[in-house]
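K.L.:
Here it is, the structure in full.
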Amino acid sequence: MRYQESIYAKALLRALEEKDESEIKKILKNFMAILLKNNDFSHLNSILGKVEKLYLTEEGVEKIYVESASPLSKNLREEIESALGKKVLINEKVRPNLLAGVRIILNEEILIDATGTQRLAKIFH
């Protein structure tokens, strides 16, 4: 790898700052060409993940994953953000097998598991 993924990520994030849509398209096209030239294109997904983390950190936003049996209401989204006490980006996954409730995952750890399946497991174990 010619440059570390974190170097690519920081460079891309800085290049995209305050650009309009047409400029962003050009920058991304050039960025991908650089990755291809440097034989680093296979690292694209990881680099983009690092770009996202850097951006969210700079904006003071925490990314969380919420699994629920049905889509979250706007009210529940607001309650989750309020309970965490910070701005959050919610990545929602509907999983009917959870029966009811929600599971909130932060930093790859289950923060809250208030699902129907968890409640049933506690009752029967």
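The values are calculated or read from the model by the stated rules, or taken from the named source; none is laboratory data. Predicted model, so just to flag it, every value in this text is computed and none were measured. Glycine also receives a Cβ, built like all others from the backbone with ideal geometry; neighbour counts cover every protein chain displayed.
K.L.:
Please enumerate the residues belonging to the range 29-45 that are in contact with a Ser or Thr (Cβ under 9 Å, 6 or more places away or on another chain) and surrounded by fewer than 15 Cβ atoms within 10 Å (Cβ to Cβ).
P.N.:
Here is the first cut: in the range 29-45, the residues in contact with a Ser or Thr (Cβ under 9 Å, 6 or more places away or on another chain) are 35.
Answer for the range 29-45, where residues must be in contact with a Ser or Thr (Cβ under 9 Å, 6 or more places away or on another chain) and surrounded by fewer than 15 Cβ atoms within 10 Å (Cβ to Cβ): there is none.
K.L.:
Give the range 78-94 a look and list any residue that's in contact (Cβ under 8 Å) with a residue 12 or more places away in the chain, surrounded by 15 or more Cβ atoms within 10 Å (Cβ to Cβ) and either charged (D, E, K, R) or in contact with a Gly (Cβ under 6 Å, 6 or more places away or on another chain) (or both), or say none.
P.N.:
Correct list: empty.
K.L.:
Oh, and also: Count, please, the residues in the range 100-119 that happen to be farther than 18 Å from Pro71 by Cα and surrounded by 12 or more Cβ atoms within 10 Å (Cβ to Cβ).
P.N.:
Filtering the range 100-119 for residues farther than 18 Å from Pro71 by Cα gives 106-111, 118-119.
Still in the running and surrounded by 12 or more Cβ atoms within 10 Å (Cβ to Cβ): 106, 110-111, 118-119.
Number of matching residues: 5.
K.L.:
Given the structure, is Glu62 on the phi < 0 side of the Ramachandran plot and surrounded by 12 or more Cβ atoms within 10 Å (Cβ to Cβ)?
P.N.:
On the way: on the phi < 0 side of the Ramachandran plot: yes; surrounded by 12 or more Cβ atoms within 10 Å (Cβ to Cβ): yes.
Yes, satisfied.
K.L.:
Another question, if that's okay. Evaluate the following for Asn97: is it polar (S, T, N, Q), under 25 Å from Leu16 (Cβ atoms) and surrounded by fewer than 16 Cβ atoms within 10 Å (Cβ to Cβ)?
P.N.:
Working: polar (S, T, N, Q): yes; under 25 Å from Leu16 (Cβ atoms): no; surrounded by fewer than 16 Cβ atoms within 10 Å (Cβ to Cβ): yes.
For Asn97, the condition - polar (S, T, N, Q), under 25 Å from Leu16 (Cβ atoms) and surrounded by fewer than 16 Cβ atoms within 10 Å (Cβ to Cβ) - is not met.
K.L.:
I've got another one for you. Kindly evaluate Val51 against the criterion of being of a type in the set (Val, Ile, Thr), touching a helix residue (DSSP H, G or I) at 6+ places or on another chain (Cβ under 8 Å), surrounded by 15 or more Cβ atoms within 10 Å (Cβ to Cβ) and in the same structural domain as Ala11 (by TED's automatic domain parsing). Please lay out each step first, then the result.
P.N.:
On the way: of a type in the set (Val, Ile, Thr): yes; touching a helix residue (DSSP H, G or I) at 6+ places or on another chain (Cβ under 8 Å): yes; surrounded by 15 or more Cβ atoms within 10 Å (Cβ to Cβ): yes; in the same structural domain as Ala11 (by TED's automatic domain parsing): yes.
Yes, satisfied.
K.L.:
Let me ask another. Right, Ala69: more than 14 Å from the chain's Cα centre (by Cα), touching a residue at least 40 places away in the same chain (Cβ under 8 Å) and under 25 Å from Thr117 (Cβ atoms) or not? If you could, list the steps in order and put the result at the bottom.
P.N.:
Numbers: more than 14 Å from the chain's Cα centre (by Cα): yes; touching a residue at least 40 places away in the same chain (Cβ under 8 Å): yes; under 25 Å from Thr117 (Cβ atoms): yes.
Judged against the criteria, Ala69 is a match.
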